[in-house]
Number of protein chains: 2
Amino acid sequence: MAWETLIQSVEQVVGAAGLVRDPELMHSYLTDWRNAYQGRAALVVRPATTEEVAAVVRLCHDAGVALVPQGGNTGLCGGSIPDSSGRQVVLSLTRMKRIREIDLANETITVEAGVILRQLQEAASQAGRLFPLSLGAEGSCTVGGNLATNAGGTAVLRYGNMRELTLGLEVVLPDGRVWHGLRGLRKDNTGYDLKHLFIGSEGTLGIITAAVLKLFPATHSTATAWVALPTPQAAVDLIGHVRSLCADRLTGFEMMSRQSLEFVLDHVAGCSDPLQGPHPWYALIELRDTVPDAPLDLLLESGLGHAFETGWVIDAVIASNQTQAAALWALREGISEAQNHEGPSLKHDISVPVSQIPAFIERTDSALQQAFPGVRIVSYGHMGDGNLHYNISKPLGHADAPFKAQEQAIMQVIYQMTSAFNGSISAEHGLGQAKPDAAAHFKDPLEIELMRAIKRTLDPTGLMNPGKVFATGLE
Amino acid sequence: MAWETLIQSVEQVVGAAGLVRDPELMHSYLTDWRNAYQGRAALVVRPATTEEVAAVVRLCHDAGVALVPQGGNTGLCGGSIPDSSGRQVVLSLTRMKRIREIDLANETITVEAGVILRQLQEAASQAGRLFPLSLGAEGSCTVGGNLATNAGGTAVLRYGNMRELTLGLEVVLPDGRVWHGLRGLRKDNTGYDLKHLFIGSEGTLGIITAAVLKLFPATHSTATAWVALPTPQAAVDLIGHVRSLCADRLTGFEMMSRQSLEFVLDHVAGCSDPLQGPHPWYALIELRDTVPDAPLDLLLESGLGHAFETGWVIDAVIASNQTQAAALWALREGISEAQNHEGPSLKHDISVPVSQIPAFIERTDSALQQAFPGVRIVSYGHMGDGNLHYNISKPLGHADAPFKAQEQAIMQVIYQMTSAFNGSISAEHGLGQAKPDAAAHFKDPLEIELMRAIKRTLDPTGLMNPGKVFATGLE
């Protein structure tokens, strides 16, 4: 099929408004927000309905043309960026942004893939409910992207990943048929649970066009503490203690190293150290409750009181109002940006069992300092999920280029250690085009084989987001 | 391969203790606890380790012999019972009952498939934690069966189904290879999440031999209320109100009709009506908290106070101690047994969106009374999950046989209505051999096709629990 014929057919489906061919307008669809990945595309299609998505997928399928589904383009692994051939079609879901239904009695919301996460949060809030997924890119990432990558963030500790927040899906399959799995059921045991195949599959098995998501009661009380810790082991002990006491009131437990905080203090305007004197580790703890005026400060004080006695906590401050709480969160949220001021950040998104965090940090820090003396290790993350953003900056005073040249070698050390602790080399960012080779290396070959078998079964022509998730030649 | 050769090879793997061939001893493996399904088998194998399971599966695979994995045999749909050919092999996991590891800091427990659910609950409790899955058969059902059927029960409202309680799996594949997916990670985004394929697949894709499961903080405060409601709609309104106020303190919300309660009062010794005068509907509400001496009674009273004003609640009693609370739960738990005293119980395990429960009950009651005048409808269930056990007893004074003859026709009415409300015909019991035909009829044919494709991919020889999940000819 000639390209012009395909393009004409696609235009008949989506109209002129649904087609982007102007190179200047196409640009933002061909690179991610960090400009870390660039690709080319034959065209960008922006269907407005599920039926249009299905028709476009069918046309591309029949023409043998590969599709790259795309949401807000905020991913960190290039999963939504086409390759450099210029022969792929980007299918952007950003025009599918209807909130189809809010069913308060069922505690569910049905949304299309192109809805921005923040709009979803706001729609829930206006309905007196909470949609808990929360992450840095929430102002521009889409629900479809959140589903495709099984997004995580700071509230997973309490509410789970995107996967756990999903009850039903509507999916356009690789041949253009539509699976109508938009069920709002808490219990359904009538065979294989297909939605879990598509969630986290990064567009390689089909295109998610809508989802039924869970809503939660809005919270009306908050307590936030910033605590100094002697060691990561103290953080493990502390979170266990706080969770036993508070259970699901514990909605956040972020850990960060002194190095992480120092970068923030040096580079983010308006930030100051909440405690006197440097301490090796910090944790940001948040409790929430649906009951108004719940005595969460008292609960937090009682938990921390015990932790002072046992030596898990060296110093602590509890925010006395929302402004102070926001200032504490700003310290945590500023790390990623602050690190950019110190040269290239080699980012890693690993997870290990929570109990293994201290040993992982100790052994990996030591291995890195031995192999790459002076590197600055910026480790922080979602302690309750065992998820560390274990990022590396160059040694003080060194140049960027030789440090960048060590990127692969540094990554190998970190991933090797992650693997030794039975961990994951991508906790919440997915594989995209950045990590398929590493995944193929570190995962059980049998698991890769099962994944490939499923890929071939659902996408026999291999036209759904090729080059993502699977290492070259392994699709 | 001759049978005797296969049996000798199997015996070399599992030893004499792992083989059951005596017809008398085999009997309990060939029928379920209700004696609703009976089958025959060439032999029963009871491997003691994952390696033995793998070796037995490989031998059967190579010999072309079909396997029926079996746990505690407490299922309600015959999923663990072999067919009548006498050519299938029952593979019982009941000797694999080790608790392999408790990792308190990771809040996980690793157990083998043959562990009895109650033993798992007790092991968690002894470690100061909660394993929340709770259901009628917990004294004899196994973790492997809970996983194979994605078991539900009374705590799903708060803690989720077995699927949501699982972090990792060890699975023997249909060809005897072992997938070592026993990871204790809260976040892992390195490709397709294979564990969700095996959970709920009822042994048709492989044999789960072990799992990493989540633990939760133990609770130290409880409040329990029994309330009378005018309508199912009042129950929907009430649960929404209680959940908004109490969030995850709400651990139970069971609804039941007056008919359900009357059967219990008539047939279960020691039960009495907690309230004066008959009321059309009842709910049993339970709150729990990790904090000792939490003022849950006050919270419950405040919630119910509002519900009295709005008319959602007619009358209510709050248990003043554990004995009273247990007496209230006994009313709910006695329904299934009580109904057996009234002749055959036609049991249905359906779910619809919570918001649709009132309309579902009204329309289905009405359709049944029109088509089968006088039938007694015993509807009760897990309100917060939209899961009704919508069971039917014969009209008063009628004989069993003509009523039993209407079983299929009654089921058709109920399933048709469930389907019209976008619900599920098996909320928590699975399909087994009882419901594959109904599932094939009421599910989207495309979904059945996708399930079949996955079955063929993972079990190309079709030897894993044939005749279950899929209707005949659809495997």
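Some notes on this structure:
- Sequence of B:LYS97, A:LYS394 from largest to smallest accessible area, 1.4 Å probe: B:LYS97, A:LYS394
- With only Cα atoms counted, the protein assembly as shown has Rg and Dmax values of 28.2, 93 Å.
- Taking 0.36 nm per residue of separation and subtracting the current Cα-Cα distance, fully stretching the chain between A:ARG40 and A:GLU337 would add 104.1 nm.
- The mean accessible area for residues of region B:338-422, using a 1.4 Å probe and ignoring ligands and nucleic acids, is 37 Å² per residue.
- Extreme residue, positive dipole direction of region B:343-423, given options B:VAL413, B:GLY374, B:GLN356 (C-beta unit charges): B:GLY374
- Prolate/oblate/rounded call for region B:221-336, Cα gyration tensor, a/c under 1.5 rounded: oblate
- Under 12 Å, Cβ to Cβ, from B:VAL65 - net charge with Lys/Arg +1 and Asp/Glu -1: +1
- Legend: residues in region B:380-417 shielded by at least 20 square angstrom of accessible surface upon adding the remaining protein chains to the isolated chain (1.4 Å probe, heavy atoms) are B:ASP385.
- Summing Lys and Arg as +1 and Asp and Glu as -1 over all other residues whose Cβ lies under 13 Å from the Cβ of A:ILE99 gives a net charge of +1.
- Near A:PHE308, once Lys and Arg are set to +1 and Asp and Glu to -1 for all other residues with Cβ below 12 Å from its Cβ, the sum equals -3.
- Rolling a 1.4 Å probe over the protein chains gives B:PHE308 an accessible area of about 90 Å².
- Full-stretch length increase - A:THR49, A:GLU164 - with 0.36 nm per residue and alpha-carbon distance subtracted: 38.8 nm
- Between A:ASP437 and A:ASP365, residue separation times 0.36 nm minus the direct Cα-Cα distance comes to 23.5 nm.
- Each copy carries a label point for B:GLY136 at 7 Å from Cα along the beta-carbon vector; from one copy to the others these points are 5.2 nm apart, nearest first.
- With the largest listed first and rounded to whole Å, the semi-axes of the equivalent ellipsoid of chain A from the Cα gyration tensor are 39, 27, 20.
- With label points set 7 Å from Cα along Cα→Cβ, the inter-copy distances at A:ALA218 are 3.7 nm, sorted shortest first.
- When nucleic acids and ligands are ignored and a 1.4 Å probe is applied, A:SER302 ends up with an accessible area of around 60 Å².
- Cα gyration tensor, region B:119-171 - rounded (a/c under 1.5), prolate or oblate: rounded
- When the pairs A:LYS443/B:LYS455; A:LYS214/B:LYS97; A:LYS455/B:LYS435 are compared against a 27 Å limit on Cα-Cα distance, A:LYS214/B:LYS97; A:LYS455/B:LYS435 fall above it.
- Label-point separation in nm, B:GLN324 to B:ALA420, each point 7 Å along Cα→Cβ: 4.3 nm
- Ascending list, in nanometres, of distances separating the B:THR323 label from those of the other copies (7 Å, Cα toward Cβ): 5.7
- Residues in region A:291-326 reached by a label modelled at B:SER302 [backbone nitrogen below 13 Å; 7 Å Cα→Cβ]: A:291-296
- Think of chain B as a dipole: +1 on every Lys or Arg Cβ, -1 on every Asp or Glu Cβ, centred on the Cα centre; then among B:LEU135, B:TYR29, B:LEU229, B:TYR29 lies furthest on the positive end.
- Using only side-chain charges placed at the Cβ, +1 for Lys and Arg and -1 for Asp and Glu, the dipole size of chain B relative to its Cα centre rounds to 820 debye.
- Relative contact order of region B:221-336, taken over Cα pairs closer than 8 Å and 6 or more residues apart, is 47 percent.
- Point-charge dipole on Cβ atoms (K/R +1, D/E -1) for region A:221-336, about Cα centre, debye to 20: 140 debye
- The contact between chain B and chain A removes approximately 6900 Å² from the accessible area (both sides summed; 1.4 Å probe; ligands, DNA and RNA excluded).
- Probe 1.4 Å, all protein chains present, accessible-area order of B:ARG332, B:ARG87, B:ARG258, largest first: B:ARG87, B:ARG258, B:ARG332
- Magnitude of the charge dipole for the protein assembly as shown, about its Cα centre and with charges confined to Cβ atoms of Lys, Arg (+1) and Asp, Glu (-1), is about 1440 debye.
The values are calculated or read from the model by the stated rules, or taken from the named source; none is laboratory data. These figures come from a predicted structure and were not determined experimentally. Methodologically, a virtual Cβ is constructed for each residue, glycine included, from the backbone with ideal geometry; neighbour enumeration extends over all protein chains shown. Just so you know, the surface numbers come from the protein's heavy atoms only, side chains and all, with ligands and any DNA or RNA stripped out. Shrake-Rupley method; radii C 1.70, N 1.55, O 1.52, S 1.80 Å.
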